[in-house]
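Just below is one structure, and these are the notes that go with it.
Nothing in this text is a laboratory measurement; each read-out follows from the coordinates by a stated rule. Please read these numbers as outputs of a predicted model, since none were measured by experiment. Quick reminder, even Gly has a Cβ in these numbers, built from the backbone with ideal geometry, and neighbours come from all protein chains shown.
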Amino acid sequence: MKAKFYCPIQQTWTISENKILNMISKGRLMNFYSEKIEVSSFPNIKHSLLFEVDPPRINQEQSVSFYIVLYGADDDDLEIHGKLSLSVKLAAYSTSFDNLFTLIKGKKALGGKIGTTEDLFEPKRRFIVDGNLVVEMKGILIFNEDMPKIIHLENVLCQGLWEQNDKDFRMVARDNGIIKIHKIVLRARSPFFEAMFNARREEAETDTLNINDFDLKIVRTAVEFFYHRNIFNDLDIIDAFELLRFASEYNIADL
């Protein structure tokens with residue numbers, strides 16, 4: 001059977017104004033790539049960023065574009081679902097992608113035109129500040145891979161627990177929203193929660209844990225993940241990174 005694996009990717013890239021001016025001066029199509037970075041747990045997959053200058057054409061001004069570039073093995077067409085964003089924060093520029101695609105012949109680029117070179121150098125737009133253009137990429141890559149059947153059985157058991165009404169522990173989010181969970185599930189998902197129960201802390205005695213740094217939406221999504229429910233198809237990039245922060249805060253290794 002196929003199972004889904006989720007890998008966060010993130011990259012910040014600084015391009016100097018002098019580098020951009022040099023590319024523009026060539027008067028032809030110019031590409032500039034950032035370093036390639038391996039995707040965690042998938043070393044045969046890498047990502048980089050691409051900055052492109054397209055020269056003037058008939059009825060078209062000189063333009064600049066950003067791309068996210070993904071690389072795979074040349075002999076392996078790999079299907080990936082990507083939830084990705086590109087942004088220049090100081091310019092309040094952002095674009096996002098939610099695509100299912102295949103790495104054909106080992107390479108795929110997602111992105112497009114952000115404006116003309118005139119737009120890029122307009123001081124009020126704030127693309128270039130202190131002599132640099134800073135591009136940030138964030139996202140989640142979702143892979144379909146073969147998985148042993150025993151995992152499928154585990155999913156069925158967790159789904160059955162999710163549907164039961166005898167959950168015996170409360171998690172209270174910072175917006176005062178409440179979600180319930182089985183203690184046995186909570187203990188199994190993280191050494192943080194296991195230690196909390198073993199030490200008989202106040203939370204273990206009152207069957208209540210206050211989650212002060214996260215809203216109910218994130219806490220509920222994490223709890224659904226604990227029960228092996230599919231949480232990623234409708235997850236946007238902001239929530240995905242909040243979920244990763246939750247996993248780091250509470251030592252949840254597989255989230």
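Brief remarks on what is shown
- Order of HIS182, HIS47 under a 10 Å beta carbon neighbour criterion, fewest first: HIS182, HIS47
- C-alpha center-to-center spacing [the stretch 2-71, the stretch 187-218] in angstrom: 42
- Cβ-Cβ FRET estimate between LYS167 and ASN132, R0 fixed at 45 Å, reported to 0.05: 0.30
- Near ILE181: Cβ cut-off under 15 Å, other residues only, Lys/Arg at +1 and Asp/Glu at -1. The net charge is +1.
- Charged-residue dipole, Cβ positions (Lys, Arg, Asp, Glu), the stretch 181-255 about Cα centre, Debye nearest 20: 300
- 25 °C / 0.890 mPa s Stokes-Einstein diffusion coefficient of the chain, Kirkwood radius on C-alpha pairs, µm²/s: 117
- Computed helical MRE - 222 nm, the chain, DSSP H runs ≥ 4 contributing -39500 (n - 2.57), nearest 500: -8000 deg cm²/dmol
- Principal axis dimensions, largest first and in whole angstrom, of the stretch 2-146 by Cα: 50, 30, 24
- Among PHE97, PHE121, ILE58 - extreme Cα towards positive end, dipole of the stretch 2-146, charges at beta-carbon: PHE121
- With a simple spin-label model that places each label point 7 Å from the Cα along the Cα-to-Cβ direction, the separation between PHE232 and THR208 comes to 3.5 nm.
- For the stretch 2-146, size of Cβ-based charge dipole, Lys and Arg +1, Asp and Glu -1, in debye: 300
- Each of ASN176, ALA73, ALA204 was placed along the dipole of the chain (beta-carbon charges, centred on the mean Cα), and the one lying farthest toward the positive end is ALA73.
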